[in-house]
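Heads up: the structure comes next, in structure tokens.
The values are calculated or read from the model by the stated rules, or taken from the named source; none is laboratory data. This is a predicted model, so every value here is computed, not measured. Backbone-built Cβ (ideal geometry, glycine too); neighbour counts: all protein chains shown.
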Amino acid sequence: MDFPKTTIRAFQEKLFRGEQSVVAAVAAYLQRIAAAKNLNAFLTILDDRANARAHAIDAKIKRGAAGKLAGVIIAVKDILAMKGERLTCGSRILENFVSPYDATIIQKLEAADAIIIGKTNMDEFAMGSSTENSAFGPAKNPINPDYVPGGSSGGSAVAVAANLAMAALGSDTGGSIRQPAALCGVVGMKPTYGRVSRFGLVAFASSLDQVGPLAHSVEDVARILEVICGHDERDSTSAPVAVEEFSRFLDGEVKGKVVGLPKEYLAGGVQKEIHAAVTAAKARLQEAGAVIKEVSLPHTRYAIATYYIICTAEASANLARYDGARYGHRSRDAQSLEEMYVKSRSEGFGAEVKRRIMLGTYVLSSGYYDAYYRRAQKVRTLIRRDFEQAFKECDVLLTPTTPTTAFKLGEKTADPLEMYLADIFTVSINLAGVPAISIPFGVDAKGLPIGLQIIGKAFDEKNVLQTAHFLETAHP
């Protein structure tokens, strides 16, 4: 049985009319996943768990007691803890680790009667922009399997784009939801830092990491956000901010909205079709009564350097816990405690993770802390102030999500710096802690998707989603 791409609203309308069952939908998606193994989107398939929940939710629907996401089939990045399930983070060091508890957002999804069908492939510990750093092989772009799907949430983007799930969760430290969403032609959103609980999210860079949804439409993203957002006492960075019913604001109205175009994001190095997409979006917004205003984010040129100093420093500290002593891989050849540490980490971590640990340890070391880490934190403050200043004049900002469309597998693996530059338009948003969404907006000459990014003020997801929904519906 095949299952067509569908929105959450359309699927649930059929469910509640009795024209569709959750059990049949789960069976159809499991068949699709089995047929698409070549894309390597999933690391774990939760077929027994999904089937059991499907029967229970069908019964709840008949009783009229189903939750907000009843029957919605979701894939989650394998960086989120699910009790009794493997939690690999795409790494050999955690290959056989089984989580003893659920992440808060897993609890929220299942309380809303969503069904988690599997855990998706990712760059090891979320460190990468192509999913080629996964210890279990790269995921492949369903538009053209010779190309990368982006990263680090590449498996989640593939799962949605290839219709292996209705929606997915990813984590975004420097663009890891938005960049793969753009390269695979789906919608992906990073909420404001603190909007979504990080309890049960394996840490990469704690001051930057945030969980968010990927889906076929802006409305689906809004519906999932309504469930996963909210204060959590178990996460000290969780913000006590009320959760709005985001899907109610998707009215297609942008008249009078001031949309900023940061000149630094279109200064050069942007693929011509992507530049044209921004121009087309600008025209549609103007036609609908929005005010377009050029703004400046002058410290953008320092964003990549700042980001890779801060994120590697935090990664160095966070990944120190994987030492072979308590959980995860332990070397069998070690003859002493020190040798156990060295060999376990050497065998368990991949090349990119080792690179970032060494960079982070270096910038935190005596004699270099002030020169690098402290200075990077000062520049981060300047980047955040750039956004604050821009939002005094604008409601949202419009930019490309990526400088280019998807690149070929293996094209950038030999040049880490070139790979890092794939995130040039996304890392600033994490440094500033503000929300941003990527939406598909056309294709290039090769048929590869183009993504546009809408950025908003902190905790103003409503305006971001409203603008994104307008552009989504305005695009042919």
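With GLY64, GLY90, GLY71 as the choices, which residue is at positive phi and free of Cβ contacts under 8 Å to residues at least 24 places away in the same chain?
Working: GLY90 fails: free of Cβ contacts under 8 Å to residues at least 24 places away in the same chain; GLY71 fails: free of Cβ contacts under 8 Å to residues at least 24 places away in the same chain.
Criteria check complete, one pass: GLY64.
Test ALA162 against the criterion of being over 30 Å from ALA315 (Cα atoms), small (Gly, Ala, Ser) and in contact with a Pro (Cβ under 7 Å, 6 or more places away or on another chain), and give yes or no. It is true that ALA162 is over 30 Å from ALA315 (Cα atoms), small (Gly, Ala, Ser) and in contact with a Pro (Cβ under 7 Å, 6 or more places away or on another chain).
Filter segment 335-374 down to the residues that are surrounded by fewer than 18 Cβ atoms within 10 Å (Cβ to Cβ) and hydrophobic (A, V, I, L, M, F, W, C) and list them by number.
From segment 335-374, those surrounded by fewer than 18 Cβ atoms within 10 Å (Cβ to Cβ) are 335-339, 342, 346-347, 351, 354-355, 358, 361-362, 364-371, 374; that's our starting set.
Correct list: LEU337, VAL342, ALA351, MET358, LEU364, ALA371.
Conditions (1) in contact (Cβ under 8 Å) with a residue 40 or more places away in the chain; (2) within 17 Å of ILE106 (Cα to Cα); (3) not charged (D, E, K, R), marked per residue:
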| site | (1), (2), (3) |
| --- | --- |
| VAL202 | yes, yes, yes |
| GLU226 | yes, yes, no |
| PHE246 | yes, no, yes |
| LYS263 | no, no, no |
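If you go through segment 105-147 and keep only what is hydroxyl-bearing (Ser, Thr, Tyr) and closer than 16 Å to ALA36 by Cβ, you end up with THR120, THR131, TYR147.
When you go through GLU418, GLU388 one by one, which is the residue that is at pLDDT 95 or above and in a helix (DSSP H, G or I)?
Details: GLU418 fails: at pLDDT 95 or above.
Every option except GLU388 fails the conditions.
Residues in segment 102-118 that are of a type in the set (Gly, Ala, Ser) and not in a helix (DSSP H, G or I): ALA103, ALA112, ALA114, GLY118. Only one residue in SER428, SER438 is among the hydroxyl-bearing types (Ser, Thr, Tyr) and assigned to a helix (DSSP H, G or I), so which one is that? Only one candidate qualifies: SER428.
Scanning segment 1-51 for residues that are aromatic (Phe, Trp, Tyr) and either out of contact with any Leu (no Cβ under 9 Å at 6 or more places or on another chain) or farther than 14 Å from ALA161 by Cα (or both) turns up PHE3, PHE11, PHE16. The residue pairs whose first member lies in segment 430-453 and is within 27 Å of GLU388 (Cα to Cα), whose second member is hydroxyl-bearing (Ser, Thr, Tyr) and assigned to a loop (DSSP other than H, G, I, E, B), and whose beta carbons are closer than 6 Å, counting only pairs six or more residues apart or on different chains, are GLY433/TYR193; PRO435/THR192; SER438/THR401; GLY451/THR401; GLN453/THR401.
I'd like the residue in segment 141-161 that is of a type outside the set (Ser, Thr, Tyr) and surrounded by fewer than 24 Cβ atoms within 10 Å (Cβ to Cβ) and, out of all such residues, is farthest from VAL227 (Cα to Cα).
If we filter segment 141-161 for residues that are of a type outside the set (Ser, Thr, Tyr), which is where we start, we get 141-146, 148-151, 154-155, 157-161.
Now restrict to residues that are surrounded by fewer than 24 Cβ atoms within 10 Å (Cβ to Cβ): 142-146.
On the way: PRO142: 28, ILE143: 30, ASN144: 33, PRO145: 33, ASP146: 36 Å.
In this case the residue turns out to be ASP146.
From the residues in segment 31-46 that are out of contact with any strand residue (DSSP E or B) (no Cβ under 7 Å at 6 or more places or on another chain) and surrounded by 16 or more Cβ atoms within 10 Å (Cβ to Cβ), which one is nearest to SER91 (Cα to Cα)?
Within segment 31-46, the subset out of contact with any strand residue (DSSP E or B) (no Cβ under 7 Å at 6 or more places or on another chain) is 31-32, 34-40.
Checking which are surrounded by 16 or more Cβ atoms within 10 Å (Cβ to Cβ) leaves us with 32, 36, 39-40.
On the way: ARG32: 26, ALA36: 22, LEU39: 18, ASN40: 15 Å.
Top of the filtered list is ASN40.
Being out of contact with any Leu (no Cβ under 8 Å at 6 or more places or on another chain), part of a helix (DSSP H, G or I), of a type outside the set (Phe, Trp, Tyr) and surrounded by fewer than 18 Cβ atoms within 10 Å (Cβ to Cβ) is a property that ARG234 lacks. Of the helices (runs of 4 or more DSSP H) lying entirely inside segment 1-84, the ones with 3 or more residues being aliphatic (A, V, I, L, M) and closer than 14 Å to ALA159 by Cβ are found at 22-35. Taking segment 119-138 only, how many residues are among the small types (Gly, Ala, Ser), at positive phi and crowded, with 24+ Cβ neighbours inside 10 Å? Of the residues in segment 119-138, 2 are among the small types (Gly, Ala, Ser), at positive phi and crowded, with 24+ Cβ neighbours inside 10 Å. Total residues in segment 232-244 satisfying the condition of being polar (S, T, N, Q) and touching a residue at least 40 places away in the same chain (Cβ under 8 Å): the figure is 2. Which members of segment 89-103 meet the condition of being surrounded by fewer than 24 Cβ atoms within 10 Å (Cβ to Cβ) and not aliphatic (A, V, I, L, M)? Answer for segment 89-103, where residues must be surrounded by fewer than 24 Cβ atoms within 10 Å (Cβ to Cβ) and not aliphatic (A, V, I, L, M): ARG92, GLU95, ASN96, PHE97, SER99, PRO100, TYR101, ASP102.
Counting the residues of segment 278-291 that are β-branched (Val, Ile, Thr) and without any contact (Cβ under 8 Å) to a residue 40 or more places away in the chain gives 2. Within segment 151-192, being part of a loop (DSSP other than H, G, I, E, B) and under 13 Å from the mean Cα position of the chain (by Cα) holds for GLY151, SER152, SER153, THR173, GLY174, GLY175, SER176, ILE177, VAL186, PRO191, THR192. Across segment 204-224, the number of residues qualifying as in contact (Cβ under 8 Å) with a residue 60 or more places away in the chain and either in a strand (DSSP E or B) or on the phi > 0 side of the Ramachandran plot (or both) comes to 4. Summed over segment 109-118, residues that are surrounded by fewer than 24 Cβ atoms within 10 Å (Cβ to Cβ) and either in contact with a strand residue (DSSP E or B) (Cβ under 8 Å, 6 or more places away or on another chain) or of a type in the set (Asp, Glu) (or both) total 3.
Please tell me if VAL464 is in a helix (DSSP H, G or I) and either β-branched (Val, Ile, Thr) or touching a residue at least 60 places away in the same chain (Cβ under 8 Å) (or both). Spell out how you get there, then give the answer.
Numbers: in a helix (DSSP H, G or I): yes; either β-branched (Val, Ile, Thr) or touching a residue at least 60 places away in the same chain (Cβ under 8 Å) (or both): yes.
Considered against the rule, which asks whether it is in a helix (DSSP H, G or I) and either β-branched (Val, Ile, Thr) or touching a residue at least 60 places away in the same chain (Cβ under 8 Å) (or both), VAL464 comes out as yes.
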